[in-house]
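What follows is a single structure, written as structure tokens, with notes after it.
Derivation of every value follows stated rules applied to the coordinates shown; laboratory data play no part. Computed from a predicted structure; not experimentally measured. Cβ atoms come from the backbone with ideal geometry, glycine included; neighbour counts cover every protein chain shown.
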Amino acid sequence: MTGLANDLRIARPDDSYQSLVDAYAGLTHAQVADFHACLTMLLINQVGDAGLVGRAIAEALRVVRSTKREEP
Amino acid sequence: MANVAGIPVWREIGATPRPAPAADRHRVVIVGGGPVGLTIALDLGRRGHKVVLLNRLDFVSAGSKAICFAKRTLEIWDRLGVGDAMVDKGVVWNVGKVFWGDREQPIYQFDLLPLKHQKMPAFINLQQYHVEDRLIQAVQALPNVEVRWGHEVADIAPDEDGARLTVHSQEGAYDLDAEYVIACDGARSPVRTLLGLDFEGRVFEDNFLIADIRMKGERPSERWFWFDPPFNPGQSALLHKQPDDVWRLDFQLGWDIDREAATRPENVEPLVRGMLGPDVSFEREWYSVYTFQCRRMERFVHGRVIFAGDSAHLVSPFGARGCNGGVADADNLAWKLDLVLRGKAPEGLLESYAYEAAVTADENIKNSSRSTDFMTPKCDASRVLRDAVLGLAAEHPFARPFVNSGRLSVAVAYPDSPLNTLDVDDWQSAGVAPGSAAVDAPFSGGWLLTALGHGFSLLTCGEIAGAVDGVDLLDVAEADPLLHERYAMEPGTAYLVRPDQYVAARWRRPTPALVRAAVSRAMGHAS
């Protein structure tokens, strides 16, 4: 197991998803990268648990690496 | 040695005559008279050993080189009687400011709170020549330590009983036999090269222009750090105060540079004026280029030849982990070699130096590499992350501790050292664990670390039944509550502290047999 919550923990998931999509509107590709970095730092501080953050990093990396992706 | 080109002189000492050829055989020969070699010479000398120290130069070189000395180093020097002299001359800064890009105001500033209720400050800034001067004075007061100035090791032939050194002096070459050779001869260690040994590990190189300037005026004693400033785009820069109106300016230069051109005044001065303003009035003290790697030797002990300091490991300058790490080596090695030379401990005790000094080096390499990676991100994605942290830091205090412009050297713990006796009680993460440096606290009108002896000490909280030979007892039952808190003392508790003031063992219910076994283990006797 990943040691991460796998059940949904946030109300109205569509709203949060849409908030992210809306945030991207008008941002350049480079700004999206900046935005994600900034958001990541804010969120890992909110999580406040180095063990959890580490497991989330490992899981995200595993998912990204196991997903076939055509480079543009 | 006036024929050494390009090294500026701080204080002339003069070449030591070549010794009489007979009986030039010694138990300990230290190669290199920098802060590390001098600290080992002082420690072994104070323990009564005859020591010969060979120094290639016959002067103290100018240029401030290492400038920041951390609390642990000051505590080591205090144990050796020179701590106060360093602190009296050094300067301390409390305010740090962090700048980023072309913003004129700092993105944030911080105020270092002084360490409370410990004798030594968290660090001092002090030119290396002032440090060496004070160590040299202390060493020269010892009749059993002989410093040979202007004597350079030209060859070394190790064998199982030690090594034969061929030494060049102004009056010609001579041979000298040593039971133990301690190579403290710097990053380009001739001893290491002569033995065909090298560093391993990560090779990461960068160049920094070090401009020490003299500048009078009312400038506050603050540390200023720039990420990507307009006067040094894409790189970092640092401003630091030293004693005597000397300021250290560091400019990161990147790897692919002309090192000779970089130190020419016409190339340095625009950087200085870019940092301090076009009208700043200053004098050049010392300009040089510092190239570093983050690497270490695989092993620091090669038979009877032992490496300490920069000869054994290299770090980036951030966090002041070079010289402080080297002094930690000296502190770790001296008491062990003392016990081995006196026949009290097996030679295998020196293996624990190889282990513990490597743990220290790895910790220093890890931290200084991380600082460098933050300053010079190795890929676009990590630059994006770094810039996000800097961008957040202005308004979000949580982001400031992520900003890495160097993590100051602190005593490294050896939780897995073979010299430790594992806890048998549940300490609930309180107190000072085996393998950690003893923490200072007020004690009996003075300080705990000053009250500890030069051998093994047993800190007790109340009397303990039965004595242990060769262990100094220090009853702290009546001590300041702060000491009790720092050590999680309860009536009956005892801590065994090594000669280098590291905790070797601790018990809630000590017995002489437990203490004896822990001392034996800490002296490298197989248990």
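For segment B:58-208, the orientation-averaged shadow of the C-alpha convex hull comes to 14.0 nm² (one quarter of the hull surface).
Per the Cα gyration tensor, segment B:369-498 maps to an equivalent ellipsoid with semi-axes of 42, 17, 13 Å, ordered largest to smallest. For segment B:143-238, the fraction of C-alpha pairs farther apart than 22 angstrom is 57 percent. The loop-placed trypsin sites (Lys or Arg not before Pro) in segment B:81-164, going by DSSP, that have at most 15 neighbouring Cβ atoms within 10 Å of their Cβ come out as B:Arg103, B:Lys116. Positive end of the dipole of segment B:441-527 (Cβ unit charges, origin at the Cα centre): among B:Ala467, B:Ala526, B:Thr493, the Cα lying farthest that way belongs to B:Ala526.
Ordered by the number of other Cβ atoms lying within 10 Å of each residue's own Cβ, fewest first, B:Thr511, B:Thr460 fall into the sequence B:Thr511, B:Thr460. Principal axis analysis of the Cα atoms in segment B:378-424 yields extents of 47, 26, 20 Å, listed in decreasing size.
Divided by 2.2 N^0.38 Å, where N counts the residues, the Cα radius of gyration of chain B comes to 1.00.
For segment B:426-527, GluC sites (Glu not before Pro) are listed when DSSP marks them as loop and at most 16 other Cβ atoms sit within 10 Å of their Cβ; the list is B:Glu463, B:Glu478. Taking one quarter of the surface of the C-alpha convex hull of segment B:15-135 gives a mean projected area of 10.6 nm². Looking at segment B:220-277, the pairs of alpha carbons with a distance over 19 Å make up 30% of the total. For the listed residue pairs B:Lys50/B:Lys71; B:Lys119/B:Lys366; B:Lys71/B:Lys116; B:Lys116/B:Lys216, the alpha carbons are over 20 angstrom apart in B:Lys50/B:Lys71; B:Lys119/B:Lys366; B:Lys116/B:Lys216. Relative to the compact-globule estimate of 2.2 N^0.38 Å, the Cα radius of gyration of segment B:405-465 comes out at 1.36. For segment B:280-390, the equivalent ellipsoid derived from the Cα gyration tensor has semi-axes of 35, 19, 11 Å, listed largest first. Over segment B:140-189, the Kirkwood radius and the radius of gyration, each from Cα atoms, give a ratio Rg/Rh of 0.98.
Counted by neighbouring Cβ atoms within 10 Å, the residues B:Trp286, B:Trp224 run from fewest to most as B:Trp286, B:Trp224. For segment B:429-527, taking Cα atoms only, Rg and Dmax work out to 12.3, 40 Å respectively.
The value obtained for segment B:235-310, namely the Cα convex hull volume divided by the number of residues, is 148 Å³ per residue. Each of B:Val471, B:Val497 was scored by other Cβ atoms within 10 Å of its Cβ. Arranged with the fewest first, they read B:Val471, B:Val497. Pairwise Cα distances in chain A exceed 19 Å for 53 percent of all pairs.
Calculated over the protein assembly as shown, the projected area of the Cα convex hull averaged across directions stands at 33.1 nm². Inter-chain Cβ neighbour count for B:382-388, averaged per residue, equals 5 (cutoff 10 Å, partner chain atoms only).
Rg/Rh for segment B:341-429 (Cα atoms only, Rh after Kirkwood) is 1.19.
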